[in-house]
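Everything on this sheet refers to the single structure shown next.
The values are calculated or read from the model by the stated rules, or taken from the named source; none is laboratory data. Just so we're clear, the structure is a prediction, and the values are computed from it rather than from any experiment. Methodologically, a virtual Cβ is constructed for each residue, glycine included, from the backbone with ideal geometry; neighbour enumeration extends over all protein chains shown. For the accessible areas, the whole protein counts, side chains as well, though only heavy atoms, and no ligand, DNA or RNA atoms are used. Shrake-Rupley method; radii C 1.70, N 1.55, O 1.52, S 1.80 Å.
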Amino acid sequence: MTDEAPATTTKSMDDIMSLCKRRGFVYPASEIYGGINGFWDYGPLGAQLKKNLRDAWWTDVVMRGCNGKLGPDGKPVEIVPVDTCIIQNPKVWEASGHVAGFNDPMVDDKETKQRFRADHLFGMYLVRPEEGESVDQGVARLIKIINEQPFELPYGPNLSCVASNEEEAFGAFRAAMHRIKQDITRVPDAAVATSFTAETRKGEECFGVCYQVPMSFMKAHPTWIPSPFNKPDKAAALELDNRKSDSQLTEPRAFNLMFKTYIGATATEDDVAYLRPETAQGIFVNFKNVVDTTRVGVPFGIAQTGKSFRNEVTPRNFTFRSREFEQMEIEFFCHPDDAKDWYVFWRDWRMEWWQGLGLKGENLILREHDSDELAHYAKEGAGTSDIEYRFPFTAPGFGELEGIAHRTDFDLKQHEEHARAKLKYFDSTRGELAKNGQPKGEHYLPHVIEPSGGLDRGVLAILCEAYTVDESRPSPEFMKFHPRVAPIKAAVFPLVKKDGMPEKAQELHSELRQKFGHLGAIEYDEKQSIGKRYARMDEAGTPYCFTIDGDSLTDGTVTVRDRDTGEQQRMPMAGVAAFLGEKLGV
RNA sequence: GCGGGUGUAGCUCAGUGGUAGAGCGUCACGUUGCCAACGUGAAUGUCGUCGGUUCGAAUCCGAUCACCCGCUCCA
């Protein structure tokens, strides 16, 4: 821990949540009915804060094309927006893998509290060779037992493990055997199986199969399967032939993370549809439309913001993991050869962008994923990075704000196959040169770099970053929002409610409101003491307060108070709009 | 989904079987001369919800819901 660390770690999430409620940033959804798990509403200040963040993204990413930063090709970055439906044809989610992935039955180990995909459970089955039996015969017998055993006979695997393929599984099992002999083979006619002969640590010869545990067996006798979290080396002396364990595994259960609904009034299983679990697919399915109907050409990006829905097992940590949340996603399409460069470009620029909104210092990090945590589609890619923020509830760890992934051509390829659509892009700037000196062009499926940010998480990070406690101030608790995202941009006060000050102040208020009302609220307040009004604005995170005092009436000047320092300076009332405009960056 | 904790006014909390409370905040009126000033007054609660025990429940019991923490999960 460095010297600066305490300033961040002393922030209490409870205090932040309490301020959010008190000042109208965030409320529990349906609170008067006792709330609803995993859903949050934004109040007046929160709604504007969220809109400001969304607008900043839209402006900087889409309209200004990465704020004018040139891409790795030395050209301006081209991005166009779309706004696609929350409900799409259910086949979209079959193609994307969400229906399968989100429907995968899961098994819990009640002992170790771990959960894993049932189809990732591999078992090592051992059998004693019978008199004169060849390896093939023995293995065939074993496979038959595994698949056709009557369930009243205990015959589970000797060991199990969680793995994505049988080689990986076999690797995990090796340690349990004394010696593996050479004849390791794929079992013919079995989708996922490896057979071998071996010698156990007791010195017994045996035939073995590394086999995906059949779903029917898991359902019938989950506790006969040894837990995959038992280390193989602890199960040193394996018993051959009939055996069963006494584990605490549950039977496979489906945890569908997609919200299901029905189209039309009849609500039969034929009418099932899903609320989108990510906005990305709406972009991919419109890739061809955008290419065909606009003049964009690869490399270019398509962006959208919008709500997504995931039926999270455990919504947690305020708005951080909600069941309904808003994403800000870009799918950037480029030639496969350029993917690496664009990946680096986006990763670095997105980090800069978040830093530019006041998320700075050691609370924000860029973390490159290790290869073992990459999503299936990203294994072949240039990489995946997270931009992560140190929230009070994750400290000293970090929580993801945005992920930048090289998704390769996975999504377009999936949609090409499932929709039987031609999504290849014809790039007339590539290919060999023809006789006339023009490139012949090249057909290819573009690769995708996906910077996918969480809007609600961004808002939460900004709230946490802005929350400041300084006991030396009259208002010790205040929100240090970057002026660009602050929900209230400025406030205008008469110093006291008499001598024509309110009228003068209202005049200024109305001018500023006309000029800056599209960016956020401009407040007017004449109630109670000036100190209390400053304090109220500090809590709402208003960066500037303009006060009309006695001098304003005679020489036309006002004072401006800076939220962060409390310092004041005088300026002509006529110059206020220009001053504020400059501070707000417009 | 599992284990632990919490739930009383907008916020922070006191109240452990006998009339629902405090501070702050909010609102009104007065006062005001630059940092939560002061005076007076006011509003705000099915004590998370439902059920049970009891003459009587915020308080005891059960269930349920929500939030927090630790697991788990997290394309």
message: If a residue counts only when it is near RNA strand B (Cβ under 7 Å from one of its atoms), closer than 21 Å to A:Leu49 by Cα and of a type in the set (Ser, Thr, Tyr), which helices (runs of 4 or more DSSP H) contained entirely in the range A:491-561 have at least 1 such residues?
response: A:530-540
message: Being touching a residue at least 24 places away in the same chain (Cβ under 8 Å), assigned by TED's automatic domain parsing to the domain that holds A:Ile283 and over 30 Å from A:Pro90 (Cα atoms) narrows it down to one residue among A:Lys413, A:Lys440, A:Lys340, A:Lys435; which is it?
response: A:Lys340
- prompt: What about A:Tyr425, is it under 30 Å from A:Val344 (Cβ atoms), at pLDDT 90 or above and of a type outside the set (Asp, Glu)?
  reply: yes
query: Quick check, is A:Phe333 of a type outside the set (Asp, Glu), open to solvent by 20 Å² or more (accessible area, probe 1.4 Å) and out of contact with any Leu (no Cβ under 7 Å at 6 or more places or on another chain)?
result: no
- request: State all residues of the range A:470-490 that are in a strand (DSSP E or B) and either assigned by TED's automatic domain parsing to the domain that holds A:Phe391 or open to solvent by less than 10 Å² (accessible area, probe 1.4 Å) (or both); if no residue qualifies, say none.
  value: A:Phe478, A:Met479, A:Ile488, A:Lys489, A:Ala490
query: Would a scan of the range A:436-459 turn up a residue that is over 30 Å from A:Gln414 (Cβ atoms), buried (at least 23 other Cβ atoms within 10 Å of the Cβ), away from RNA strand B (no atom under 15 Å from the Cβ) and at pLDDT 95 or above?
result: no
- prompt: Among the residues of the range A:565-581, how many are modelled with pLDDT of 95 or more and under 40 Å from the mean Cα position of the chain (by Cα)?
  reply: 5
- request: Tell me, yes or no, whether the range A:406-413 has at least one residue that is open to solvent by 20 Å² or more (accessible area, probe 1.4 Å) and among the polar types (S, T, N, Q).
  value: no
field: Those helices (runs of 4 or more DSSP H) lying entirely in the range A:22-135 with at least 2 residues of a type in the set (Gly, Ala, Ser) and within 16 Å of RNA strand B (Cβ to nearest atom)
entry: A:90-96, A:98-103
